[in-house]
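The values are calculated or read from the model by the stated rules, or taken from the named source; none is laboratory data. Keep in mind that this is a model prediction, so the values were computed, not measured. Cβ placement follows ideal geometry from the backbone for every residue including glycine, while neighbour counts extend to all protein chains displayed. Each accessible area value is taken on the protein alone, full model and side chains, heavy atoms only, with ligands, DNA and RNA left out. Shrake-Rupley method; radii C 1.70, N 1.55, O 1.52, S 1.80 Å.
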Amino acid sequence: MISKEQQQVNEAIRAREVRLIGADGEQLGIQPLREALRLAGEQNLDLVNVAPQAKPPVCRIMDYGKYRYEQSKREKEARRNQKIVQLKEVRLSPSIEDHDVQTKLKNVVKFLEQGDKVKLSIRFRGREITHQDLGRRVLVRMAEEVKEISEVERHPKLEGRQMIMILTPKSSN
């Protein structure tokens, strides 16, 4: 692989001698830069510095345009295969009933199985703020119900009038 920040091609290479690798991968030994450029020119290819930090630098004869095109295709494919983790929010109240908890739990399980993080939030209204322990119990209960498939990333914490907890899917390794 060529280091991205220092891709020196043809006349941009500033070394007297280079260790040369041919177009088909064979070692051509240490050559003066002019000779290496001449060999690359004869084959209608480019001389690319693949290891500028080496002593002497390692250069390869290749079609640089084709190399860049294939590299961009590989990067595009890698981006396509990435899983984007989203943060899904499930809102609860401190006085939530059992059946409602089960309904919310189904959503939490679905989100975690899809590989998304889940933010559980409880909004305290009016005088409910004096009973923070009720809200904390609801959040801890939800975390206990899904502990086989999730981990607690952030424990219940009060932020203003809202208590927040974040769950992440368990890593499958």
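Give the cross-link partners of Lys55 among the lysines, using a straight C-alpha distance below 20 Å as the criterion and excluding same-chain residues fewer than 8 apart.
Partners within reach: Lys4.
For region 23-53 and region 81-149, what is the centre-to-centre distance using only Cα atoms, to the nearest Å?
Centre-to-centre (Cα) distance: 61 Å.
Students often get this wrong: which residues of region 133-152 have the backbone nitrogen under 19 Å from the point 7 angstrom along Cα-to-C-beta of Lys170?
140-152
How much accessible area per residue does the chain have, counting only protein heavy atoms and a probe of 1.4 Å, in square angstrom? Don't skip to the end; give the middle numbers.
On the way: 11590 Å² over 173 residues.
With all protein chains present, the chain gives 67 Å² per residue.
Determine ³J(HN,Hα), in whole Hz, for all residues of region 53-69 in sequence, where each value follows from phi through the Karplus function 6.51 cos²θ - 1.76 cosθ + 1.60 and θ = phi - 60°; x replaces Gly and Pro.
Result, ordered by residue: 7, 6, 10, x, x, 9, 10, 10, 8, 7, 7, 5, x, 5, 4, 4, 4 Hz.
Consider all pairwise Cα distances in region 1-88 and report the whole-number % of them above 20 Å. Walk me through the intermediate numbers first.
Numbers: 1517 of 3828 pairs.
Value for region 1-88 (Cα pairs over 20 Å): 40 percent.
What number, in percent, do you get for the relative contact order of the chain if the mean sequence gap of Cα pairs under 8 Å and at least 6 apart is divided by its residue count? Display every interim value, and only then the final one.
Values: 248 pairs, mean separation 27.0, N = 173.
That works out to 16 percent.
Probe radius 1.4 Å, ligands and nucleic acids ignored: give me the carbon and sulfur share of the accessible area of the chain as a rounded percent. Don't skip to the end; give the middle numbers.
On the way: 5460 of 11590 Å².
About 47 percent, which is the carbon plus sulfur part of the accessible surface.
Report, in listed order, any pair from Lys83/Lys147; Lys83/Lys106; Lys106/Lys147 with a Cα-Cα distance greater than 25 Å. Before the final figure, lay out the partial values.
Working: Lys83/Lys147 22 Å; Lys83/Lys106 22 Å; Lys106/Lys147 14 Å.
Beyond 25 Å: nothing from the list.
Going by alpha carbons, how many degrees (0 to 90, nearest 10) lie between the helix axis of 132-145 and the longest principal axis of the chain?
Taking the Cα atoms of the chain, the angle to 132-145 is about 60 degrees.
Return a whole-number percent for the relative contact order of region 75-151, with Cα pairs under 8 Å and 6 or more residues apart as the contact set. Kindly include the intermediate steps, with their values, before the conclusion.
On the way: 61 pairs, mean separation 29.1, N = 77.
Worked out over region 75-151, it gives 38 percent.
Take the Cα radius of gyration of the chain and divide it by 2.2 N^0.38 Å, with N its residue count; two decimals is plenty. Walk me through the numbers before you get to the answer.
Working: Rg = 29.5 Å, N = 173, 2.2 N^0.38 = 15.6 Å.
Compactness ratio reported: 1.89.
How tilted is helix 98-113 with respect to the longest principal axis of the chain? Cα atoms for both, answer in degrees (0 to 90, nearest 10).
Once rounded, the angle reads 10 degrees.
Report, ordered by chain and residue number, the aspartates and glutamates lying within cross-link reach of Lys119, taken as a straight Cα distance under 16 Å and ignoring same-chain residues fewer than 8 apart.
Qualifying aspartates and glutamates at Cα under 16 Å: Glu89, Glu144, Glu145, Glu151, Glu153, Glu159.
Kindly sort Lys88, Lys55 by accessible area of their heavy atoms, largest first, with the probe set to 1.4 Å.
Details: Lys88 55, Lys55 185 Å².
Output order, biggest surface exposure first: Lys55, Lys88.
Using only Cα atoms and rounding to the nearest 10 degrees, what angle (0 to 90) does helix 33-42 make with the longest principal axis of the chain?
With both axes taken from Cα atoms, the answer is about 90 degrees.
From the phi angles alone, apply the Karplus equation (6.51, -1.76, 1.60; θ = phi - 60°) to region 75-91 and give each ³J(HN,Hα) in whole Hz, x where the residue is Gly or Pro.
5, 4, 5, 5, 5, 5, 8, 6, 9, 8, 7, 9, 9, 9, 10, 10, 9
Please give the calculated 222 nm ellipticity per residue for the chain, where each DSSP H segment of at least 4 residues contributes -39500 (n - 2.57) and the sum is spread over every residue; nearest 500 deg cm²/dmol?
Here the helix-only value at 222 nm equals -10500 deg cm²/dmol.
Once the Cβ-Cβ distance between Glu17 and Lys147 is put in as r, and R0 is 41 Å, what FRET efficiency do you end up with, to the nearest 0.05? Display every interim value, and only then the final one.
Values: r = 63 Å, r/R0 = 1.53.
E(calc), rounded to 0.05, equals 0.05.
Could you work out which residue, out of Pro156, Pro52, Pro94, moves most in a Gaussian network model of the chain, that is, has the largest mean-square fluctuation with Cα springs under 10 Å?
Evaluated over the chain, the most mobile residue of the options is Pro52.
Please give the contour-minus-distance gain from Tyr69 to Gln162: 0.36 nm per residue of separation, less the Cα-Cα distance, rounded to one decimal in nm. Please report the intermediate quantities before stating the final value.
Details: separation 93, 0.36 × 93 = 33.48 nm, distance 5.04 nm.
That pair, Tyr69 and Gln162, stretches by 28.4 nm at full extension.
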